[in-house]
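Read through the structure below, which is laid out as structure tokens, and then see the notes.
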Amino acid sequence: AGYTVFTFNYGNVTKNPAWPVRGTGDIPTSAQELSDEVDKVLAATGADKVILIGHSQGGGMTPEYYLNNLGGAAKVAQFIGIAPAHHGADIDGLAYIKNVPVIGKALFGLVNLLGPAWLQQSIGSPLIDTIYGNGDTRPGVQYTTISTKYDWIATPYTNQALLGENVTNIVLQDLYPNFNAGHLGLVFAKPTWDVVLGALAAHQQANPTPVAGTVAA
């Protein structure tokens with residue numbers, strides 16, 4: 001479609017740079033990795049700002065921490081989150097297991113060994129207030145969230161919406177009543193990317209000339 005696209009990996013909890021599972025590390029640390037990547041993209045393209053497009057954590061709490069807590073809004077023209085994990089998820093109710101005496105704490109301790117991002121994204125996490133406590137959005141950034149009612153991870157799906165100016169919250173079933181993809185299938189569905197391209201086309205700074213760097217998380 002004429003855009004210059006950059007991708008990168010973040011959130012590696014191991015010392016193996018080839019470790020394939022990412023996005024499980026501490027979210028503020030991952031947000032700093034995103035910040036570093038944005039600076040590289042700006043230097044490489046000569047653009048004043050980038051467009052952020054991401055899925056799940058990569059379209060939710062990590063870029064939001066960057067925008068809201070690391071001054072990233074000054075370097076971002078547009079942010080499009082696909083099934084974004086905003087405002088915490090209960091993973092179809094599994095997150096409430098932590099309230100079960102003894103067993104719940106032990107299970108969540110094991111989950112934390114897989115990486116802190118799992119619990120940081122769960123409903124009730126202190127990090128949620130850190131990121132969103134002073135408002136979901138920042139001036140100068142155009143926001144779009146793209147959600148599906150059949151999401152089974154970032155639940156409830158209504159938590160994916162953002163409040164604030166310059167926000168468009170889209171539930172794909174409102175546009176495509178028969179759309180049935182879930183949290184992962186959303187990434188590979190043509191209607192999702194039709195909405196992404198539509199959001200880009202509607203934003204003047206996202207036009208291919210001059211080229212704006214795009215970071216996909």
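The values are calculated or read from the model by the stated rules, or taken from the named source; none is laboratory data. What you see is a predicted model; the values in this text were computed from it and never measured. Counting neighbours? That spans all protein chains shown, and the Cβs are built from the backbone with ideal geometry, glycine included. Keep in mind that these areas ignore ligands, DNA and RNA; they rest on the heavy atoms of the full protein, side chains included. Shrake-Rupley method; radii C 1.70, N 1.55, O 1.52, S 1.80 Å.
Mind checking the per residue accessible area of the range 1-69 for me, 1.4 Å probe, whole number of Å²?
Heavy-atom accessible area per residue stands at 45 Å².
Report ³J(HN,Hα) in whole Hz for each residue of the range 198-203, in order, from the Karplus equation J = 6.51 cos²θ - 1.76 cosθ + 1.60 where θ = phi - 60°; Gly and Pro get x.
For the range 198-203, the Karplus curve yields x, 5, 5, 5, 7, 10 Hz.
Please list 27-33, 55-61, 44-50, 13-19 highest first by mean number of surrounding beta-carbon atoms within 10 Å per residue.
The peptides rank, most packed first, as 55-61, 27-33, 44-50, 13-19.
Note down the accessible area of residue 36, probe 1.4 Å, to the nearest 10 Å².
Roughly 70 Å² of residue 36 is accessible to a 1.4 Å probe.
Amide H neighbours of residue 171 under 5 Å, at least 5 residues apart or on other chains, H built in the peptide plane: list them.
Excluding prolines and chain starts, which carry no amide H, the hits are 147.
Would you work out what percent of the accessible area of the range 1-73, with all protein chains in place, is carbon or sulfur (probe 1.4 Å)?
51
Of 15/190; 49/190; 75/190, which pairs sit farther than 31 Å apart, going by alpha carbon to alpha carbon?
Those over the limit are 15/190.
Which far-off residues, 5 or more places away or on another chain, put their amide H under 5 Å from the one on residue 122, with H placed in the peptide plane?
89
Using modelled amide H (1.01 Å from N, peptide plane; none on Pro or chain starts), what sits under 5 Å from the amide H of residue 55, excluding residues fewer than 5 places away?
Correct list: 82, 217.
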